[in-house]
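The values are calculated or read from the model by the stated rules, or taken from the named source; none is laboratory data. Bear in mind that the values here come from a model prediction, so they are computed numbers and not experimental data. Cβ coordinates were reconstructed from backbone atoms using ideal geometry, including for glycine residues, and neighbour counts include every protein chain displayed.
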Amino acid sequence: MWGTSISDRSAATSNPTGRRTIRAVSTASQADVNRMQGVAEVAFAELVPLLPETDWDWHGNLIHPHEKAAPVWLQVQQWPTAEDRALVNVPEPDRLLGLHDPSRDLILIFASDTLAGGMDARRVLYHELGHAIYDYPDIASATTDSSLASAPEMVSRPHREFTDDCPVCQVFERSAVAYGLVLMLDPRALLYHRIPDGWGGTIPLARHRIAQAQALLPIAAPLIPDQWMVAELDSRLAEAQWALSGTLSVEDLGAATHALYRALDGAADVNGSFWASHPHS
């Protein structure tokens, strides 16, 4: 069963430039905790469907992310206790933003340290959920200021620069652009109950980018070792094109955004398959 923990936009204040910034506080009130909890329920509802059916963990084992995530509890707490700090060896005065305790299938987000560091608790949540799903099942993990600010272990495979003569790169790029366009449009359309000024043509442009990805995929396909990934991406691009077709209502944008995410995820799989066999191309 899913619990909760995430920061919300009510933890932000305006600065002199007029931009919204995350509020830095020394302690979190129960109201802060409650707001984080409420927003988290929405965040999980959006996150869980995006987990792949199967994947490889960080140690090379085939896993089912949905099954790994299902028993995890997520809870927001005002501050870390001495026992929490001892579990993950993070002493005072270091900020402890969150942790994963595998013995209890529990992810904790600590509101005071998260807000004091000016951090977005969603990043803490995703960081720890990554450990819960993809790391060794019996090792506790922690999120601190430094672990979110930099992650030296996160390195990409050696990869040449993007060029327009690489059809695999272009399929990924077109899919990413289409997803980004609709992802940014969706909350604005919900807010205004229409396509807001300046965003007209976003859906046709996203549809055009998906059409380009569809046209490029047969050119890229012979280069991909895992042909089942090509077939899956072809299906997901068709699904995305269908989701963008016709006259869309504001409510339809949610389904379209999800379809475009699936297409981008499939393009990433194809991209990864290619570069795994061409690491220095």
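Structural remarks
- Of everything in region 247-281 that is under 19 Å from P196 (Cα atoms) and more than 22 Å from the chain's Cα centre (by Cα), the residue that is modelled with the lowest pLDDT is V250.
- Here Q227 meets the list (1) within 25 Å of the chain's Cα centre (by Cα); (2) farther than 18 Å from P49 by Cβ; (3) of a type outside the set (D, E) almost entirely, failing just condition (1).
- Criterion (at pLDDT 90 or above and not assigned by TED's automatic domain parsing to the domain that holds R236) met by exactly one of P49, P102: P102
- Filtered residues of region 221-237 (kept if in a helix (DSSP H, G or I) and under 18 Å from R262 (Cβ atoms)): W228, M229, V230, A231, E232, L233, D234, S235, R236, L237
Listed here are the residues, each with its yes/no results for (1) surrounded by 14 or more Cβ atoms within 10 Å (Cβ to Cβ); (2) in contact with a Ser or Thr (Cβ under 8 Å, 6 or more places away or on another chain); (3) among the polar types (S, T, N, Q).
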{"position": "C169", "(1), (2), (3)": "yes, yes, no"}
{"position": "S175", "(1), (2), (3)": "yes, no, yes"}
{"position": "Y179", "(1), (2), (3)": "yes, yes, no"}
{"position": "I195", "(1), (2), (3)": "yes, yes, no"}
{"position": "T202", "(1), (2), (3)": "yes, no, yes"}
{"position": "A211", "(1), (2), (3)": "yes, no, no"}
{"position": "P218", "(1), (2), (3)": "no, no, no"}
{"position": "A221", "(1), (2), (3)": "yes, no, no"}
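- Filter pass, V25 being assigned by TED's automatic domain parsing to the domain that holds P137, modelled with pLDDT under 80, of a type outside the set (F, W, Y) and under 17 Å from the mean Cα position of the chain (by Cα): no
- Failed criterion for Y136 (all others in (1) part of a loop (DSSP other than H, G, I, E, B); (2) touching a helix residue (DSSP H, G or I) at 6+ places or on another chain (Cβ under 8 Å); (3) at pLDDT 80 or above hold): (2)
- Members of region 70-125 found to be assigned to a loop (DSSP other than H, G, I, E, B) and under 20 Å from Q30 (Cα atoms), listed by number: Q78, W79, P80, T81, R95, G117, G118, M119, D120
- Within region 56-69, being exposed (fewer than 15 other Cβ atoms within 10 Å of the Cβ) and either within 25 Å of Q30 (Cβ to Cβ) or of a type in the set (D, E) (or both) holds for one residue alone: E67.
- Here Y126 passes the criteria (1) more than 19 Å from V39 (Cα to Cα); (2) at pLDDT below 85; (3) under 21 Å from the mean Cα position of the chain (by Cα) except the one numbered (1).
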